[in-house]
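Everything on this sheet refers to the single structure shown next.
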Amino acid sequence: MDANEVPQEGNATLGGHRKAMYARGADGRIGIVPSSGWEAEEIVTLQAVEDLDRLAADARKRALAGSTSALEYHMYKARMDLTLLSQVSGIWAWRVRRHLRPDTFARLRPALLARYAEAMGISVDQLKRVD
Amino acid sequence: MPDTPNTFSHQHASHCESGVMSAIVRHYGLPLSEPMALGLSSALSFAYLPFIKLGGLPLVAYRMPPRAIIRGLQKPLGIRMRTETFRSTARGEARLNSLLDEGKVVGLQTSVFWLPYFPGDMRFHFNAHNVLAYGRDTANGDYLLSDPVFEEPMRCAPADLARARFARGVLAPKGLLYYPETRPSEPDWGKAIPAAVRKTVRIMLRAPIPLIGIRGMERVARAVERLPATGDLQKSKLFVGHLVRMQEEIGTGGGGFRYMYASFLEEAASLAARPALAELAGELVEIGDGWREFALATARMIRDRDPFDPARLAALLRAQAAREKTFFGSLDRAIR
């Protein structure tokens, strides 16, 4: 890739930052050229973000309908899945799975709620609500 | 080791670990480019580990595992790196503060998700990011960070940095910090470069398991070929998109580190007086272009601009594997 071929397409996921790419400059040497982004990369980043957003939106709908707990919604909103939430909170995966049931979640001890809230960086109040 | 007063200068880099390590080595007196840090530590690679899942997707990497560059530079540069991890957050913070008070620059492993200065769309739970702390704001206690993948130095509040350093999950950093105990010295390039290149050739061509190097690429090609091409394409598309994210998004300098390694070969050619390496650098740039073509073809299929065709993507991957096989064969002969 030559320096003048380094994409400058303004990838929105970079939030206005530029990333360093390596390309062949006019002097014939390969070196750093800042890039404002490439559409192909934006597409694959947004694909991952949209997939997590979709899971969160779907969990939100089910939580409001009462078929899952608020925990599932917050889990996806924090860009986690069951495995990761289990690792981060230190709560066994089978227990996390149980806590996705609305009735079980409603009866959770404050100490457990606090661990989930801490793992996802939100308050216990937020955790109980589906906003 | 006496420390230079705080005259740290930030430099923009492509990749976090190579960027941090070249910054540390430069700070302690030896000019070292980011590509040289990558090449000299033999960090270029390819790995496909389907049994390790991150967010439900298999681990794919275009480089050696985290910490390979930190460890790999020790021998060629005669620099002893001290690494420390902590069980308690408080101890980890206290240790970082005391090292900074001594005037050291300190490398840190962090999660990306908990660093507030990252753009929202880039904040995933990836735990093997590297930044360099070079001081603190005396007024509010913010850490002054040189995050190599950003153009400008960053700052981060203590609570956020603690959270990022002690994130849990796969590749948990456990507060890892690292700093040199001895000053780097200029290696005998004529020996260090061939040794580092030979190791990379060995990994790419002769790894003992078929998931590493060229055989790993062939294995990925087979996995792509087997993806369902009809019905619900969501999962299939996430898999191929993941390959491209690992190749481009994770600060590789484009083309899954291939352009950066080409830059290393170019620099190595003059330092080690082996002009053949400069010619091979040109070939590797073309291979990097091939990876970018794969990324573009994949992105177009994800957005339905082209019909989803796993067989075509697999063919592109096989072609890349074949080109790299030839390339590393020539590199092997050139470095003997």
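The values are calculated or read from the model by the stated rules, or taken from the named source; none is laboratory data. Since this is a predicted model, take the numbers as computed values, not measurements. Every residue, glycine as well, gets a Cβ built from its backbone with ideal geometry; the counts of neighbours run over all protein chains shown. Side chains included, ligands, DNA and RNA excluded: accessible areas come from the protein's heavy atoms. Shrake-Rupley method; radii C 1.70, N 1.55, O 1.52, S 1.80 Å.
Structure remark: mean-square fluctuation, Gaussian network model of chain A, C-alpha springs under 10 Å; the largest value among A:18, A:101, A:54 belongs to A:18. Within 10 Å of the Cβ of each residue in B:120-132, the mean number of Cβ atoms contributed by other protein chains is 3. For chain A, with a Gaussian network of springs between Cα atoms less than 10 Å apart, report the residue from A:108, A:52, A:85 with the top mean-square fluctuation. Result for chain A, Cα springs under 10 Å: A:108 fluctuates most.
Note on residue B:11 and residue B:229: the extension gain reaches 74.1 nm, defined as 0.36 nm multiplied by sequence separation minus the Cα-Cα distance.
The residue B:181 and residue B:222 beta-carbon pair, evaluated with R₀ = 45 Å, returns a calculated FRET efficiency of approximately 0.50. Comparing Cα centroids, the range A:81-131 and the range B:277-336 end up 44 angstrom apart. Placing dummy labels 7 Å off each Cα toward the beta-carbon, the span from residue B:94 to residue B:191 is 4.3 nm. Using the rule -39500 (n - 2.57) for each DSSP H run of four or more residues, divided by the residues of chain B, the 222 nm mean residue ellipticity is -15000 deg cm²/dmol. Nonpolar atom fraction for the protein assembly as shown, defined as the carbon and sulfur part of the 1.4 Å probe accessible area, stands at 52 percent. In this structure chain A gives 49 Å² per residue of accessible area when probed at 1.4 Å with all protein chains present. Peptide A:11-21 shows a mean partner chain C-beta count of 6 within 10 Å per residue C-beta. Across peptide A:27-34, the mean count of Cβ atoms from other chains lying within 10 Å of each residue's own Cβ comes to 6. Protection proxy ranking for B:66-73, A:111-118, using the average of other Cβ atoms within 10 Å per residue and placing the highest first: B:66-73, A:111-118.
Label reach from residue B:53 (point 7 Å along Cα→C-beta): in the range A:76-119, amide nitrogens under 19 Å belong to A:76-100. In the structure shown, the pairs B:53/B:325; A:128/B:53; A:77/B:174; A:19/A:128; B:104/B:174 are assessed against 32 Å; a Cα-Cα span above that value is assigned to A:19/A:128. Comparing A:121, A:16, A:28 in a Gaussian network model of chain A, where Cα atoms under 10 Å apart are tied by springs, the biggest mean-square fluctuation is seen for A:28. Computed from the C-beta positions of residue B:276 and residue A:92 and an R0 of 41 Å, the FRET efficiency is 0.15 to the nearest 0.05.
The order of the peptides A:72-82, B:196-206 by mean Cβ neighbours within 10 Å, most packed first, is A:72-82, B:196-206.
By how many degrees, between 0 and 90 and to the nearest 10, does the Cα long axis of helix B:234-244 differ from the longest principal axis of chain B? Result, in degrees: 60.
The distance linking the range B:15-80 with the range A:23-62 is 22 Å (Cα centroid to Cα centroid, whole angstrom). Tilt of helix B:89-101 relative to the longest C-alpha principal axis of chain B, in degrees (0 to 90, nearest 10)? Helix B:89-101 and the main axis of chain B meet at about 70 degrees. The residue B:84 and residue B:155 beta-carbon pair, evaluated with R₀ = 22 Å, returns a calculated FRET efficiency of approximately 0.45. Add +1 for every Lys or Arg and -1 for every Asp or Glu among the other residues with Cβ under 13 Å from the Cβ of residue B:303, and state the total. After counting each charged neighbour, the total is -3. Other residues lying with their Cβ under 12 Å from the Cβ of residue A:85 contribute a combined charge of +3, Lys and Arg counting +1, Asp and Glu -1.
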